[in-house]
Amino acid sequence: MNIIQTDIPDVLIVEPKVFTDARGFFYESFNSKAMQAAGMTGDFVQDNHSRSARNVLRGLHYQIRQPQGKLVRAVAGEIFDVAVDIRRRSPTFGKWAGMKLSAENKHMAWIPPGFAHGFLVLSEFAEVLYKTTDYWAPQFERTIVWNDRDLAIAWPAAEEPQLSAKDRAGTAFHEAELFE
């Protein structure tokens, strides 16, 4: 496994070693020892799987209590995945990292607790799998609006994305409940 640092040192891209032959491919998508050695801490307790159409944007989500670390990958299609540092005491507070994850590149993103997370579907559809280090707790879930001016995320969208009602009603970054 190759671990690649992003502009935010705590957000990592995991590039698995892929073995390909005439039959197809094989790769190890999770290895606890390797990932802990790279700084990805916490035990995974839940797996989530979503399927979304082109131009669907999900996020920016986080849990103010029971924060979740996430190991995210696209198993079909391609997404632009974003992590926003919402830890007030962090040197990268308010910064974001974005990366393309796809079935083709097989990259995964490690997003530690204390980050808001979202993604935009770039292909006709995408299926996204992600492991979390804590359980979903809807009472603690929060959403920062995807197009917040202070964050200025450079989403690669040609048009206005499709959003859920919850995501359309997201809070501005400067008004959001954040981590200390």
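Beta bridges assigned by DSSP with both partners in the chain are antiparallel in approximately 95 percent of cases. From the coordinates of this entry, Rg and Dmax of the Cα atoms in Å is computed, and it appears in (i) 15.7, 54; (ii) 15.9, 50; (iii) 20.8, 67 under the label (i).
Rounded to the nearest 0.05, the FRET efficiency derived from the C-beta distance between Ala154 and Arg88 at R0 = 30 Å is 0.80. Rounded to the nearest 500, the 222 nm mean residue ellipticity of the chain from helices alone is -1000 deg cm²/dmol, with -39,500 (n - 2.57) taken per DSSP H run of at least 4 residues.
Restricting to DSSP loop positions (anything but H, G, I, E, B) with no more than 13 other Cβ atoms inside 10 Å of their own Cβ, which trypsin sites (Lys or Arg not before Pro) remain in region 96-180?
Answer by residue number: Arg149.
Gaussian network model of the chain, Cα springs within a sub-10 Å range: biggest mean-square fluctuation belongs to which of Ala165, Ala103, Ala157? Of Ala165, Ala103, Ala157, the Gaussian network model singles out Ala165 as fluctuating most.
Calculate, in nm to one decimal, what Asn55 and Ile4 gain on full extension: separation in residues at 0.36 nm each, minus their alpha carbon distance. Spell out each step's value before the answer.
Details: separation 51, 0.36 × 51 = 18.36 nm, distance 2.67 nm.
Additional length available on full extension: 15.7 nm.
Summing +1 for each Lys or Arg and -1 for each Asp or Glu among the other residues whose beta-carbon sits under 13 angstrom from that of Phe179 gives +1. Region 70-84 and region 124-163 have Cα centres separated by 10 Å. Sorting 61-72, 42-53, 11-22 by average packing, meaning the other beta carbons within 10 Å per residue, from highest down gives 61-72, 11-22, 42-53. Among Arg54, Arg23, a tally of other beta-carbon atoms within 10 Å of each Cβ gives an order, fewest to most, of Arg23, Arg54.
Taking 19 Å as the cut-off for C-alpha to C-alpha distance, list the pairs among Lys33/Lys131; Lys33/Lys95; Lys131/Lys166; Lys95/Lys131 that go past it. As for pairs spanning more than 19 Å Cα to Cα, those are Lys33/Lys95; Lys131/Lys166; Lys95/Lys131.
The numbers here are math on the coordinates, done by the rules we state, and not lab data. What you are looking at is a predicted structure, and each value in this text was computed from that prediction instead of being measured. Quick reminder, even Gly has a Cβ in these numbers, built from the backbone with ideal geometry, and neighbours come from all protein chains shown.
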